[in-house]
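Sending over a structure as structure tokens; questions will come in a sec.
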């Protein structure tokens, strides 16, 4: 297989990691919404934790995207 | 002689940049007619060539935007509270809000022992925020979209926090890697896992900010290419998406600066008070 083709296929495979990011972010926000609808008074206090959890989940997905970008533009 | 060496190095660097651009263009060839090289915006351009003892210390566009970020933040904080009104106007309100926001973050996450690190956390937060927001200006350069910049920040934070931990607790700082209340058989495995997760902190901290900034700006450029390619007939759909996505990017700029700062506070708290 030519290296150029292998790079593109590898980049496509690495981007599958973003599915995990989508699931994780949806899970976090879904749980926050469920909790906020049950106990609206306690929701604003947990908002910073929501943002932190979102960023951490997104970061893990983006690590996969970084591998894809390395394959496309660096190697 | 030194000028000739510099010129030769500069010519070589430019040739390498051209080769890299050609390789990128070849790699980009399969992306469709409109997507003209979204990676070109991250290129570092030397503005003033300076060579110090064989090291290329040129003033680049990255340096320029770091300077602009620092000037903007300094001007904002110095000149907004200069009037010292008891009932603050808009600008003073903004400065006081950002101060209070970071102060609350440090107080909540590090506690009283962390108050002396507040200037550092505030500087870090405002610098990352200003760099992220400056990158939203069209045709500007996002300083934090380069891994070397974010890695430098994260490495300094990691080393600083580790040194603070060792100064405060001595060799007992290594107890951080031995969580309490686990059966003795599992301790070796858990120590290895804890060590690995500790050492991936600077990597995850830097890559999180870098990937968010680079992916965001690349996406904006790619969709802008679609707008141009689809012309007057079909260009409205990607344009609407870009408008919405730019709003999201501004939100992400704030969010990533906040997450960078709060994770620094959390790591600092781990080092200062070692309850794991």
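What follows is calculated from the coordinates using simple rules that are stated; it is not laboratory data. Computed from a predicted structure; not experimentally measured. Because the Cβ atoms are built from the backbone with ideal geometry, glycine has one as well, and the counts that use them run over all protein chains shown.
For a footprinting-style exposure proxy, rank B:87, B:45 by other Cβ within 10 Å, fewest first.
Fewest-to-most ranking of B:87, B:45: B:87, B:45.
Between segment B:237-259 and segment B:178-215, what is the separation of their alpha carbon centroids in Å?
30
May I pose another question? How would B:249, B:51, A:2 line up from fewest to most surrounding beta-carbon atoms within 10 angstrom?
Ascending Cβ contact count within 10 Å gives the list A:2, B:51, B:249.
Further, regarding this structure: For chain B, what log10 I(q)/I(0) values come out of the Debye formula at q = 0.10, 0.13 1/Å, with one point per alpha carbon and no solvent?
Calculated log10 I(q)/I(0) at the listed q: -0.72, -1.05.
For the pair residue B:87 and residue B:232, how long in nm is the line joining their label points, each one 7 Å along Cα→Cβ?
Going by the 7 Å Cα→Cβ label model, 5.4 nm.
Share of Cα-Cα pairs in chain A beyond 19 Å, in percent?
Percentage above 19 Å: 49.
Can you sort B:86, B:219, B:214, B:105 from fewest to most other Cβ atoms within 10 Å of each residue's own Cβ?
B:86, B:219, B:105, B:214
Hey, what's the Kirkwood Rh for the protein assembly as shown if you take every pair of different alpha carbons, in angstrom?
Result for the protein assembly as shown stands at 23.2 Å.
Per DSSP helix of 4 or more residues, -39500 (n - 2.57); summed, then divided by the residues of chain B. What does that give at 222 nm, rounded to the nearest 500?
My calculation for chain B gives -24500 deg cm²/dmol from helical runs alone.
Further, regarding this structure: Most mobile of B:74, B:206, B:197 per a Gaussian network model of chain B (Cα springs, under 10 Å)?
Comparing B:74, B:206, B:197 in a Gaussian network model of chain B, the most mobile one is B:197.
Report the label-to-label distance for residue A:23 and residue A:56 in nanometres (one decimal), using points 7 Å from each Cα along the Cα→Cβ vector.
About 1.8 nm separates the two model spin labels.
Quick one: if you stick a label point 7 Å off each Cα along the C-beta vector at residue A:70 and residue B:74, how many nm between them?
Using points 7 Å along Cα→Cβ, the separation is 3.7 nm.
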